[in-house]
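J.: Structure below; questions to follow.
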Amino acid sequence: MRDFQAPGRSEVFSTEGMCATSHPLAAQAALGILQQGGNAMDAAIAGAVLLGFCEPQMTGLGGDCFVLYNRAGEDEVRALNGSGRAPAAANAGSLRDKGLTAVPLNTPDAVTIPGAVEAFCQLAETEGKLGLDAILQPAIRYADQGVPVAPRVAFDWGPGANTLQGAARNHYLLKGDVPKTGDMFRSAGQAEVLRRIAKYGRKAFYAGEVAEDIISTLTAMGGVHTAEDLDATAATPTVPVAGHYRGLDLLEHPPNGQGATALLLLNILKNFDLGSMDPLSAERLHIEAEASKLAYDARNRFIADPDHTTHADRFWDQTTADRLAELINPNHAMPAAAPLTEAIHKDTVYITVVDRDRMAVSLIYSIFHSFGSGIASEKFGILLQNRGSGFTLQSGHPNEFGGGKRPMHTIIPGMLKQKGKILMPFGVMGGAFQPTGHAKLVSLLTDDEFALQQAIDAPRAFADGPVLKLERGISRKVAQQLSEIGHKVLISETPLGGAQAIRIQKSGVLQGASDPRKDGCALGY
C-alpha cells in the first residue's frame, strides 16, 4: 500500500472497461466508445488517433503503429505490423556517394510511408464493431474545435519546434510561436482528412488529394516517393515472439520492432538474483545496465525488416543469454558496444484498452523524433515521420537503407500472460529505452513484488550508448558508486519514458496504472 501522505496516485479499479494512456482526453474518448457498444479495438483506435492532436509532437497520421491484441473469449495474442516502408526508389548507395554516414533526420530521405492509417482501417474492419465513422468522431471533433495544450506536451513542444520546417511551421506553431500550456491547438486540415477516411476508408488517405498533398510536398524537397508507394501500403498480420520470466510470459511484437531485445535482456537477467538486491542500488542498476548493453548490441547487429532479419532465434535462446551474462563483471562497467548508425529517440504514444468481454489491446503509435521529420504536407498539415533514420547506411547490413524495406523500429507494445491467460497489456514509451523499460517493469513486478503503480513510478536508469542516464529519483550516493565502477553517469534532463498498463485480476476486476511522467491517466467504468 502506498503512503497516502506522500505525493502519488492510486491505481484505478473498474469492471466493465478501462483505458490507460498518456492524455486524459484520449482515455475519456476511448471509454466513450466502449460505452457506445464498441469493443477494445474500436476504443484503442479512437483514442490513438485523438492522441495525434493531444500530443502532435509524438504521433499523428503520418506515423506508424504496432498492435498486440486478443479476441473476446480467446487467450491467443495476435499481432499487426502497421509500419511503413521506404519508397521503392530509396537507395543507400546514393546517400553514401554524398559522403553521408547516416540517413539525415529532417529530410525526405528519412520519411517512410505512413503505415498507421492502413493498420487502423484494417483493424476497424476485421476486429472492431462500430466502424470508422463512429470511431473517428472524437478525433474529428477535437481536431476542429481544438485541444488545450497539456503541461508535458508544452514542455516537449519547445525543443521539438526547432525541427519544424516550411508548411509545418504554419500548421504546428501559433502565429509563429510555440504553444504554451492551456493554448488551443487545432488542425482543421487533418479533421477534413479524417472525415474522408471515415467515409471512404483507407483510399481517402493513400490515393487522391491527400496522397497528392503528401507526395507533392516531398517531391518539392527532393523526395523520391510516388503515388504507387503510398497505394501499395499494407499492414501485415504476424505472430508475437515470447519469453518466460519468473512465472510470467512476456509477448512482444516480432522484428522489425525491437521487442525481441526485451526478451534477450530478461534472459540475461535470469542469471542474477535480482530479488536479493535493492531495486535502486548501484549493484542492481549496474547489472541491469550491463545486460542492456549486451542486448542492445545484438539488436543493432540483427534486427531489421522481417524479410532481412538474421539470427532472430538468438534473442530468445537461453544458451545465448547465459553466454552473454558471463561477460558481465559485477564490479566494473564494460565499454559501450560500438554503436551503428541507427538513430534513436524517445517520442511515442501508447494506449491500452480492455473491454467487458476482456478483449485486450496494446497499441503503440509514433512519428519517431519530436515532430518526426519536421516536414508536413502543405494543404492538410500531415506531419511525416522520420522512421527512415532507423536504417543504417552500412553496406550489407540487414537493416541497410533500401527501397521497399521496413526500418528497425524502436516502438514495442507488450503483453503479459500467466498460466496461459492474458494478464496485462502494457507499454513503456521512450524510444531506445523501451526494451529496458519492459524488462525493468517485469522485474519489479516479479523479483520485487511491487504494486503496479509503484513499479511504474519507480525511478529509472538507462544505459544509452556511452552514458548511463539516471532520473533524479536515484540518489547521489548511488550515482557516485556507479561512477566509481566505470559508468559515465548523466542525470537525465527529461524523464525516461512513460508507462501505461491494465492488469486483469483473477476476480475479473481491471486494475489500471498510468505514468506520472506524462499528462495521462487510467480511466474505467
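The values are calculated or read from the model by the stated rules, or taken from the named source; none is laboratory data. Note that the structure is a prediction, hence the values are computed from the model and not measured. A quick note on method: Cβ atoms are made from the backbone with ideal geometry, for glycine too, and the neighbour counts reach across all protein chains shown.
J.: Only residues that are without any contact (Cβ under 8 Å) to a residue 60 or more places away in the chain, farther than 16 Å from D519 by Cβ and either surrounded by 18 or more Cβ atoms within 10 Å (Cβ to Cβ) or touching an Asp or Glu at 6+ places or on another chain (Cβ under 9 Å) (or both): list them for the stretch 147-169, please.
T.: Of everything in the stretch 147-169, nothing turns out to be without any contact (Cβ under 8 Å) to a residue 60 or more places away in the chain, farther than 16 Å from D519 by Cβ and either surrounded by 18 or more Cβ atoms within 10 Å (Cβ to Cβ) or touching an Asp or Glu at 6+ places or on another chain (Cβ under 9 Å) (or both).
J.: With respect to the numbered conditions (1) more than 17 Å from the chain's Cα centre (by Cα); (2) crowded, with 19+ Cβ neighbours inside 10 Å, which one is the sole condition not fulfilled by E252?
T.: Going through the list (1) more than 17 Å from the chain's Cα centre (by Cα); (2) crowded, with 19+ Cβ neighbours inside 10 Å, E252 breaks only (1).
J.: Taking interchain pairs and intrachain pairs at least six residues apart, which have beta carbon atoms under 8 angstrom, with the first residue in the stretch 261-274 and without any contact (Cβ under 8 Å) to a residue 12 or more places away in the chain and of a type in the set (A, V, I, L, M) and the second surrounded by fewer than 24 Cβ atoms within 10 Å (Cβ to Cβ) and part of a helix (DSSP H, G or I)?
T.: Every condition considered, no pair remains.
J.: On to the next question. Looking at (1) closer than 23 Å to P255 by Cβ; (2) touching a helix residue (DSSP H, G or I) at 6+ places or on another chain (Cβ under 6 Å); (3) not charged (D, E, K, R), which is the only condition A455 fails?
T.: Here A455 meets the rest and fails (1).
J.: Further, regarding this structure: Which pairs have Cβ atoms under 7 Å, sit 6 or more apart or on different chains, and link a residue in the stretch 94-109 that is more than 8 Å from N386 (Cα to Cα) to one that is aromatic (F, W, Y)?
T.: Qualifying pairs under 7 Å: L95/F401; V103/F391; V103/F401.
J.: Taking only pairs six or more apart or across chains, which ones have beta-carbon atoms under 7 Å, a first residue in the stretch 458-484 that is within 28 Å of N300 (Cα to Cα), and a second residue that is part of a loop (DSSP other than H, G, I, E, B) and of a type in the set (S, T, Y)?
T.: K469/S492; L470/S492; E471/S492
J.: All but one of (1) surrounded by fewer than 18 Cβ atoms within 10 Å (Cβ to Cβ); (2) within 25 Å of L251 (Cβ to Cβ); (3) at pLDDT 90 or above; (4) not basic (K, R) hold for P330; which doesn't?
T.: It is condition (2) that P330 fails.
J.: Restricting the search to the stretch 279-331, which residues are part of a helix (DSSP H, G or I) and under 23 Å from G388 (Cβ atoms)?
T.: If the condition is that a residue be part of a helix (DSSP H, G or I) and under 23 Å from G388 (Cβ atoms), then Y296, D297, A298, R299, N300, R301, F302, A312 are the ones that fit.
J.: Suppose the filter is over 30 Å from L174 (Cα atoms), at pLDDT 95 or above and of a type in the set (G, A, S); does G390 pass it?
T.: Here the answer is no, as G390 does not meet what is asked.
J.: Next question, about the same structure. Among what's in the stretch 170-214 and is aromatic (F, W, Y) and more than 19 Å from L51 (Cβ to Cβ), pick the residue that is farthest from the chain's Cα centre (by Cα).
T.: Checked the stretch 170-214; the qualifying residue farthest from the chain's Cα centre (by Cα) is Y200.
J.: Write out, first by first residue and then by second, each pair whose Cβ atoms fall under 7 Å of each other, whose residues are 6+ apart or on separate chains, and whose first residue, in the stretch 214-228, is touching a residue at least 24 places away in the same chain (Cβ under 8 Å) and buried (at least 17 other Cβ atoms within 10 Å of the Cβ) while the second is polar (S, T, N, Q) and not in a helix (DSSP H, G or I).
T.: Within 7 Å, the pairs are I214/S377; T217/S377.
J.: From the set of residues in the stretch 376-393 that are of a type outside the set (G, A, S) and assigned to a loop (DSSP other than H, G, I, E, B), which is farthest from Y206 (Cα to Cα)?
T.: L393
J.: Something else: Among the residues of the stretch 420-443, are any among the charged types (D, E, K, R) and part of a loop (DSSP other than H, G, I, E, B)?
T.: no
J.: Which one is farthest from Q511 (Cα to Cα) among residues in the stretch 456-473 that are in a loop (DSSP other than H, G, I, E, B) and small (G, A, S)?
T.: Across the stretch 456-473, the extreme among qualifying residues is G465.
Okay, residues lined up against (1) closer than 14 Å to P108 by Cα; (2) in contact (Cβ under 8 Å) with a residue 40 or more places away in the chain; (3) touching a Pro at 6+ places or on another chain (Cβ under 6 Å):
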{"site": "G374", "(1), (2), (3)": "yes, yes, no"}
{"site": "S377", "(1), (2), (3)": "yes, yes, no"}
{"site": "G381", "(1), (2), (3)": "no, yes, no"}
{"site": "Q385", "(1), (2), (3)": "yes, yes, no"}
{"site": "L393", "(1), (2), (3)": "no, yes, no"}
{"site": "G396", "(1), (2), (3)": "no, no, no"}
{"site": "N399", "(1), (2), (3)": "no, yes, no"}
{"site": "M408", "(1), (2), (3)": "no, yes, no"}
{"site": "I411", "(1), (2), (3)": "no, yes, no"}
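J.: Here is a follow-up. If you take the residues in the stretch 501-520 that are assigned to a strand (DSSP E or B) and polar (S, T, N, Q), which one is surrounded by the fewest Cβ atoms within 10 Å (Cβ to Cβ)?
T.: Ranking the candidates gives Q511 first.
J.: Does the stretch 485-500 hold any residues that are part of a strand (DSSP E or B), surrounded by 14 or more Cβ atoms within 10 Å (Cβ to Cβ) and touching a Lys or Arg at 6+ places or on another chain (Cβ under 7 Å), and which are they?
T.: L490, G498
J.: Looking at A260, A291, A211, A234 in this structure, which one is touching a helix residue (DSSP H, G or I) at 6+ places or on another chain (Cβ under 7 Å), more than 16 Å from P87 (Cα to Cα) and modelled with pLDDT of 95 or more?
T.: That would be A291, the only listed residue that is touching a helix residue (DSSP H, G or I) at 6+ places or on another chain (Cβ under 7 Å), more than 16 Å from P87 (Cα to Cα) and modelled with pLDDT of 95 or more.
J.: Related question: Kindly check whether there is at least one residue in the stretch 429-447 that is of a type outside the set (A, V, I, L, M) and more than 17 Å from L265 (Cβ to Cβ).
T.: Checked the stretch 429-447: no residue is of a type outside the set (A, V, I, L, M) and more than 17 Å from L265 (Cβ to Cβ).
J.: Can you tell me which residues in the stretch 252-278 are under 23 Å from G430 (Cβ atoms), of a type outside the set (V, I, T) and in a helix (DSSP H, G or I)?
T.: Scanning the stretch 252-278 gives G259, A260, A262, L263, L264, L265, L266, N267, L269, L274.
J.: Then there's this: Of all residues in the stretch 215-247, how many are assigned to a helix (DSSP H, G or I) and within 27 Å of the chain's Cα centre (by Cα)?
T.: Residues that pass the stated criteria total 6.
J.: May I pose another question? Could you grab the pairs with beta carbons closer than 7 Å, sequence gap of 6+ or different chains, first residue in the stretch 285-305 and basic (K, R), second one assigned to a helix (DSSP H, G or I)?
T.: Listed pairs, sorted by first residue: R299/T261.
J.: May I ask you to list the residues in the stretch 137-191 that are basic (K, R) and part of a loop (DSSP other than H, G, I, E, B)?
T.: K175, K180, R186
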